[in-house]
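Engineer: Can you keep this structure in mind? I'll have questions shortly.
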2 protein chains.
Amino acid sequence: MRAKTKAKSSKPNYTIREKAYQYIQSRIASGDLPSGGAISELLLAKELGSSRTPVREAISQLVSEGLLEQTPNRGTVVVQLTREDIVDLYELREALEVYVIAKVTREHLPVEDIKRLELLSNGILALVNELDATGEPYLNTEQMQRFITADRGFHTLLMAFSFNPRIRKVVDETRLLIRIFAMRRLGYGAEKLRKIHGQHAAIIAAIVSEDPALAVQRLAEHIQISRQERLDEFDRNRRASTIERSYSDLNL
Amino acid sequence: MRAKTKAKSSKPNYTIREKAYQYIQSRIASGDLPSGGAISELLLAKELGSSRTPVREAISQLVSEGLLEQTPNRGTVVVQLTREDIVDLYELREALEVYVIAKVTREHLPVEDIKRLELLSNGILALVNELDATGEPYLNTEQMQRFITADRGFHTLLMAFSFNPRIRKVVDETRLLIRIFAMRRLGYGAEKLRKIHGQHAAIIAAIVSEDPALAVQRLAEHIQISRQERLDEFDRNRRASTIERSYSDLNL
DNA sequence: TGTCTACATATTGAATACAAAAAATCTACG
DNA sequence: CGTAGATTTTTTGTATTCAATATGTAGACA
């Protein structure tokens, strides 16, 4: 097995630039800065109590990571994913995750690593039990947060086993974009959670039985299901906002 | 088939920042700024006749693209790929290219697109003929350039058929890094060219016969062979520079 | 001679100032 | 009224200045 990769990304970074980066990203993630909304360097600088310079640099970075979009001499806006963007992002994810799981499965993953995957997977099962116990139909916000952490952790850990920081970085950025812009997922019920847990468990089983083709097939399917959900959501939102717009058109 | 994607990346960009970006990148690509060498904002600004500001922004972008490496309050250096970096980069390429060729092959590529691939592939064959005709054992610089163009074009075109600009971007950046830092390939002879052409032709054949698995296998092998060459080259260089260093150590 | 501290120098990070371009507003004219 | 053009305002792009941090060096002292 490959040695643990050098930790070159250890940047405590007390720079204002980094603070600006965190600040802007969190405001995008929270939906505070809406998709398609304009970004004002001056305003952000004021809010941060800094000059425009570090804000500009943070914006540059966010542009290169795909969260913002810039047109010269015009300005910067929060990216607005199209339907095709979602498809493209999921393809990218699928290509890389599938590659990694094939590699990982071929290379005989240590038992303790399998255990860690199962732990994360069981976190989802725990949420199912909570729902069953309380009788609530859907996850509340805090539980939803735990679900996202567990689900994300599962995939992140799987990617970590590739020992390829570059693949990891691309997948992380891809997942970030999807999460921020194509995911307002609400109302996860016990049934859906059970399905997802089942998929994760099936993937782990395929890894344990050292069947790369099966692992690939199951992970690909898992991702494609997730993709379809995002697309359905996107279509629903678009239909909704189109209707909304029609109404406001009538008001003119 | 998917519609042609919107051309959002059309930036003529007369900004100094963009000039600085081009300038620095070309100096890295030419080997003028050596791997591991320090980057001076002030010096580059002077050379460009500009201030540090646009240079800084260009540097930021190059950092995010992986050509430069930055440590806060210390400075910026041209990235120096390790052996593992090369392995990682080739894995990334393989994951994405393999995914794309599978997709493309399944989707029945139009004849004219196949023709375009063949055209590029034949460009390599033409070089073989030139070598045979002139009796030269190896490609000269100009021919080498044409080979790189043809070889790169083949893969780029293949990726273009995916109609996924995000995958294309990642592959492009990956290939750029490999080309700049892990490729000082010289002395390509007729035999090597024939092999590469054969591999390309075999890949095209697999696409034509609409056999995704075969196409995948052949492309993967093609990439892995290239990877091995880079690694061998890397090891040779390292051995050479190690010996060199031993000598200079003796001189102390 | 070796090491530690103080000072000098260089370089990055950030703030401010200025210029140029685009957007918004206003005005004159049809 | 509406529109074309001019003017004002805003915003981006660039230059310059200032501050903080790190590096290099010289000299004092053990």
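Bear in mind these aren't lab numbers, they're just calculated from the coordinates by the rules spelled out. Note that this is a predicted model, so its numbers are computed, not measured. Counting neighbours? That spans all protein chains shown, and the Cβs are built from the backbone with ideal geometry, glycine included.
Engineer: With bins 10 Å wide starting at 0, give me the P(r) of the stretch A:189-245 over every alpha carbon pair, in whole percents.
Structural biologist: All Cα pairs, binned at 10 Å, distribute as 22, 35, 23, 13, 5, 1 percent.
Engineer: I've got another one for you. Which FRET efficiency value, to the nearest 0.05, do you get for residue B:82 and residue B:29 by plugging their Cβ-Cβ distance into 1/(1 + (r/R0)^6) with R0 = 35 Å? The partial results should precede the final answer.
Structural biologist: On the way: r = 20 Å, r/R0 = 0.56.
With R0 = 35 Å, the Cβ-Cβ based efficiency is 0.95.
Engineer: What is the order of A:108, B:222, fewest Cβ neighbours within 10 Å to most?
Structural biologist: Details: A:108 10, B:222 21.
Placing the least packed residue first, the sequence is A:108, B:222.
Engineer: Taking N as the number of residues in the stretch A:34-141, what is its Cα Rg relative to 2.2 N^0.38 Å?
Structural biologist: 1.65
Engineer: Please state the charge dipole magnitude for the stretch B:16-78, taken about the Cα centre, from unit charges on C-beta atoms (+1 on K and R, -1 on D and E), reported in debye and rounded to the nearest 20.
Structural biologist: So the dipole magnitude of the stretch B:16-78 works out to roughly 180 debye.
Engineer: Starting at 0 and stepping by 10 Å, how many percent of the alpha carbon pairs of chain A end up in each bin?
Structural biologist: 6, 25, 30, 25, 11, 2, 0
Engineer: Taking the Cα centre of the protein assembly as shown as origin, work out the dipole magnitude from +1 charges on Lys and Arg Cβ and -1 charges on Asp and Glu Cβ, in debye rounded to 20. Don't jump to the answer; show the numbers that get you there.
Structural biologist: On the way: 74 positive and 68 negative charges, 226 e Å.
The calculated dipole for the protein assembly as shown is roughly 1080 debye.
Engineer: Give a residue-ordered list of calculated ³J(HN,Hα) values for the stretch A:200-211 (Karplus: 6.51 cos²θ - 1.76 cosθ + 1.60, θ = phi - 60°; whole Hz; x for Gly, Pro).
Structural biologist: 4, 4, 5, 5, 4, 4, 5, 5, 4, 7, 6, 10
Engineer: Looking down the axis that turns A into B, which residue of A has the closest beta carbon, and how many Å out?
Structural biologist: A:64, 2
Engineer: Can you pull the mean other chain C-beta count within 10 Å for peptide B:55-64?
Structural biologist: Whole-number average of other-chain Cβ neighbours for B:55-64 is 3.
Engineer: Compute the convex hull volume of the Cα atoms of the stretch B:16-78, divide it by the residue count, and report the result per residue in Å³ as a whole number.
Structural biologist: Values: hull volume 4.6 nm³, N = 63.
It comes to 74 Å³ per residue, whole-number rounded.
Engineer: Can I ask one more? Based on DSSP loop calls and a cut-off of at most 12 other Cβ atoms within 10 Å, the longest stretch of chain A free of exposed trypsin sites (Lys or Arg not before Pro) is what? If you can, show how the numbers build up before the last one.
Structural biologist: Values: sites that count: A:2, A:4, A:6, A:8, A:74, A:184.
Between the exposed loop sites, the longest stretch runs A:75-183.
Engineer: Turning to a different aspect of this structure: How many nanometers, to one decimal and shortest first, lie between the label point of residue A:148 and those of its other copies, if labels sit 7 Å from Cα toward Cβ?
Structural biologist: Result for residue A:148, in nm, nearest copy first: 4.5.
Engineer: I would also like to ask the following. Ratio of the protein assembly as shown's C-alpha Rg to 2.2 N^0.38 Å, to two decimals? Mind dumping the intermediate values first?
Structural biologist: Values: Rg = 25.1 Å, N = 504, 2.2 N^0.38 = 23.4 Å.
Normalised Rg, Cα atoms only: 1.07.
Engineer: Right, something else. How high is the FRET efficiency between residue A:146 and residue A:115 when r is their beta carbon distance and R₀ equals 25 Å, given to the nearest 0.05? Let's see the in-between values first.
Structural biologist: Working: r = 20 Å, r/R0 = 0.78.
My answer for the efficiency is 0.80.
Engineer: For the cross-link pairs A:169/B:103; A:46/A:169; A:103/B:169; B:46/B:169; A:115/A:195; B:19/B:192, which exceed 29 Å when the distance is taken from alpha carbon to alpha carbon?
Structural biologist: Details: A:169/B:103 23 Å; A:46/A:169 31 Å; A:103/B:169 23 Å; B:46/B:169 31 Å; A:115/A:195 20 Å; B:19/B:192 37 Å.
Violating the 29 Å limit, Cα to Cα: A:46/A:169; B:46/B:169; B:19/B:192.
Engineer: What distance in nm separates the simple spin-label points at residue A:136 and residue A:220, each placed 7 Å from Cα in the Cβ direction?
Structural biologist: Result for the modelled spin labels: 3.8 nm.
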